[in-house]
Structures are given as C-alpha cells and as structure tokens.
Amino acid sequence: MSDSRTALIPQEIIRAKRDGATLAEADIAALVGGIGAGAVTEAQVAAFCMAVFFRGMDMDERVALTRAMTDSGRTLSWRDLDLPGPVLDKHSTGGVGDTVSLMLAPLVAAAGGFVPMISGRGLGHTGGTLDKLEAIPGYDATPSHDRFRRTVREVGCAIIGQTADLAPADKVIYGVRDVTATVESIPLITASILSKKLAAGLDGLVMDVKTGSGAFMPAFAASRELADSIAAVATGAGLPTVALVTPMDQPLAPAAGNALEVRIAIEHLEGGHGVSRLHGVTMALAAELLVLGKLEPDLDSALGKLERVLANGRAAETFQRMIAALGGPHDLMEHPDKHLPRAPLVRPVAAAAAGTVLAIDTRAIGMAVVALGGGRTRSADPVDHAVGLTGLVALGDTLDAGQPLALVHGRDEAAMAAAAAMIAGAVTIGEGGAAVGALVQARIVG
C-alpha cells in the first residue's frame, strides 16, 4: 500500500476515516508522525481513534498503522551482538494469576533463544509482570539500554519495562484511548501491541490472547478476532507470529499477587509444577517460540527440549542469573523467603456450602487483589507487593462446607474483609460437573 502523493492534513485524514474511506499508507504515516512530534492535537487523536473505533481498518491499514507507530521512536537491533540464536518474545492480553512470562523467558533462553521481553504493569483487574518483578528487592525494571542489551547477550533473557523512546506515538494514542472509550478497538489494540514488539527487533513472536471471565475480551468470538488480527498484521509487517487463544475463566495459577506469584514461578522452575494449567500454557507458548525461531523442527520436539531444560535446572539457573544481572539478589532461588515481602495477616475465606466449583468470576478475583492494595485502578497508584491470594480453588474442585476458597494475605482487616466478600461472591458452588475447556482454544498462524 504505497502512495507517492502528498499526504492529507490531519483533519482531512480524520474526515476520510469518519466517512468510511480506506486510508492511504502515506496518510497514516503522516498522522502518526505528527502525533509523535506533538504536531497533532489531543483532540485530533481522540477524533481519529473514535473514527477507527466505529469504521474499523482493513489489514493493509492496520499494517501501515503498526509500522508508523513502530517508526515513531527507537527500534532495537541485535545484529551487532552476533547472537548465536533467534530473538524471540511473548505477549499476553493479561489475566489473573498469569505468571507465564516469569517462567517462559528463562525457559526459552535455556533452550537457545534470546528473549528481550518488554512488559507492562497491571491495570484494573489484571496483574503486571513488572509489578511482580519489582517485588524482588533491587531488581531494576528500567535499566539503561546498554545494561539491557548486555543482560540479553550474557544471560539470554531480560524482562524490563517500556522505555520512553520505544514507539512513543503509541503512548500518546493509548493515553487518549483510555479516557475516550476507544480502548476496545481491535485495529488500535493490534497496532499498540505490535508496534512495541516490532520496535524490539524480534525474529518471532507468540501472542497469548485470553478469553473468559478474567479476560480483557471475555467473549471467545472477540478474542479470536483479536488473535486473527495480531497474527495477520504482525506477519504482514515482517514479524513471524503465532497467536494462541487460551482460557482465563479461572485464575491460571493458584495464587494472585505480586510476590506470591514470584514464589509460584520459582517453585515451577525448580520442578514443582506437576500438571498444572500454568505449566501447560507456559510450555505451549514456549514451544511455539522454539519452532518459530527454528530451534526445533516441530512442537513435540520443542516440548521435549523445554522439559529437559526444566528438569536439569538450566531454566532455573537462567532465571537466577537474570535477576542478579538486573540488580536483584544472587540467592533468590535458594532463599526466596529471605528476600520476598510477606503480608503480616493471613485469613481463610470459607465456602458457605458443600459442592463442586462450577464457575469463577475471575475478574472479581483480580479485583479482590486490587482491594488489598496489590493492584491499581490508575497507572500512578502505588502497589503493595506483599498482599494477595493463595490456595485458590479451581473449576471442578469438590469442597466441604467451611473449606477454604482461598487464603487472603493482607495488612488491613477491613480491606481483607472486603476482599473475602468479593472472593465468596466470585465462586459458584453447586451440584454436577464443571465445564473445563482446553488449555489452547485456538491456534492462529500468521
């Protein structure tokens, strides 16, 4: 979709999209360039986002928007480091008890990939990978560019936050979307996610699109549409991508809360995973990356390699090296309780009646963590890394009356009581069996 003519001025681009026209690549590039340079006003950004919200964008427009947002700032290149393996990453639309990134990055690195993972903070009911890592004393989630690159080269992975010069137009557009009721636009979501991933200089991406009661888009049809868009646009922009749709109809791990989820990650990497949902989703996503990066020929051999680096301790060692390289303690794996904060109060939430767990309002579970202080409703809110939930029940569990639905970890009795009430209301107990879906509900190859 190339166009050599002079691009339209911002208001004419907005008018064209408002009226349902397909925008030329030059017009999209001009508008996004103006946003990045501050020449396009916030009102014009809002009008453009609303026009896209109602009129949509075809795939060529989405690719052009994504590329323009990528080009609005720094783009990373790893070629000068002569890395002996592919540069790979994973992104998730977010959920509750979703500790996948903390395990996936060292697993893939231990299996021969290089993972420069740029993650975000939690907002609303969803947890954020950066908040979890910042529960670790000394961990630098915003290192210098040189330290980030050095850690990726020497360790194989580094998980950090988005820098100000990476896809800066996205930061402006997202801030406007957040306050203008245009967040749920699939073209805008696609470009927002992928502009940062393209700027990271990746050779392959796996996308985890959540569906269910704890997902950003609860309905499967909408989740599938987003997964299709991301896989198609990423590949169209030159980034080989596979998107998996996975269920968030219950917390992925039996714990939710920042330090508590770091403990879960440590236990998993040290072999205490069993056959959990968290393990299954992590391995499925990591296996896709090994195949995308041509480290293994197929998913079965990729899963075998991942199980080996988990069993022989290489993945755990890689995680520890990453933590130390970015300022955290050198003995976190051996002595997590020495370093990770703990809440002073722990209270059970008792089941009101006997029966089977038939449904879980996963969003409400996430909001219970927020009520304890472990999440945020505004990006500037502080986070208490120690609070959260453990021992969360799962779909299909059979309980006696009075048996715990969860253990609440907190500092304040009133906040703990509020969280307990939310948990009690979120879990439906009755007779019969619970419908538990497959760990991967759709797989889309770009």
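Coordinate-derived values only; no laboratory data. Quantities reported herein were computed from a predicted structural model and do not represent experimental measurements. Heads up, the Cβs are rebuilt from the backbone with ideal geometry, glycines too, and the neighbour counts pull from every protein chain shown.
Relative contact order, whole percent, for the stretch 324-446 stands at 36, derived from Cα pairs under 8 Å and 6 or more residues apart. Altogether, the Stokes-Einstein calculation at 20 °C and 1.002 mPa s, with the Kirkwood radius of the stretch 236-279 over Cα pairs as Rh, returns a diffusion coefficient of 169 µm²/s. Once you sort the root eigenvalues of the Cα gyration tensor of the stretch 1-123 as a ≥ b ≥ c, which label holds: rounded (a/c under 1.5), prolate (a/b larger than b/c) or oblate (the other case)? It is prolate, given that a/c is not under 1.5 and a/b is the larger ratio.
Nearest 10 degrees is fine. How inclined is helix 299-311 to the longest principal axis of the chain, computing both from alpha carbons? With rounding to tens, the tilt is 50 degrees. For the chain, pairs of C-alpha atoms spaced more than 38 angstrom apart make up 22 percent of the total.
Enter the angle in degrees (range 0 to 90, nearest 10) between the Cα long axis of helix 145-155 and the first principal axis of the Cα atoms of the chain, meaning the one along which they spread out most. In the chain, helix 145-155 runs at an angle near 50 degrees to the longest axis. To the nearest ten degrees, helix 100-110 and the longest principal axis of the Cα atoms of the chain are 80 degrees apart.
Each label was represented as a point 7 Å from its Cα along the Cα-to-Cβ direction; for S276 and A442 these points are 2.8 nm apart.
Scaled against 2.2 N^0.38 Å for its residue count N, the alpha carbon radius of gyration of the stretch 297-351 is 1.69.
As a ratio to 2.2 N^0.38 Å, the alpha-carbon radius of gyration for the stretch 192-316 is 1.12. Fully extending the segment from E431 to A394, taken as 0.36 nm per residue of separation minus the present Cα-Cα distance, adds 11.8 nm. In the calculated pair-distance distribution of the stretch 1-63, the portion above 13 angstrom amounts to 58 percent of the Cα-Cα pairs. Between D208, D27, D80, the Gaussian network model of the chain with springs among Cα atoms under 10 angstrom shows the greatest mean-square fluctuation at D80. With a/c under 1.5 counting as rounded, go ahead and sort the stretch 56-139 into rounded, prolate or oblate using the C-alpha gyration tensor (a ≥ b ≥ c being the square roots of the eigenvalues; past the cut-off, prolate if a/b is larger than b/c, else oblate). Oblate shape, in that a/c is at least 1.5 and b/c is the bigger or equal ratio. In the chain, a dipole from Cβ-located charges (positive for Lys and Arg, negative for Asp and Glu) runs towards its positive end, and of A419, P106, P382 it is P382 whose Cα lies farthest in that direction. Between R308 and Q403, what is the spin-label point distance in nm, taking each point 7 Å from the Cα along the Cα→C-beta axis? According to this spin-label approximation, the distance is 4.0 nm.
One decimal place: the segment E225-A164 gains 19.0 nm when fully extended, by the rule 0.36 nm per residue minus the C-alpha distance. Mean sequence separation of contacting Cα pairs (under 8 Å, at least six apart), scaled by the length of the chain, corresponds to a relative contact order of 19 percent. According to the Kirkwood relation over distinct C-alpha pairs, the hydrodynamic radius of the stretch 144-244 is 15.0 Å. Between E334 and Y174, residue separation times 0.36 nm minus the direct Cα-Cα distance comes to 53.6 nm.
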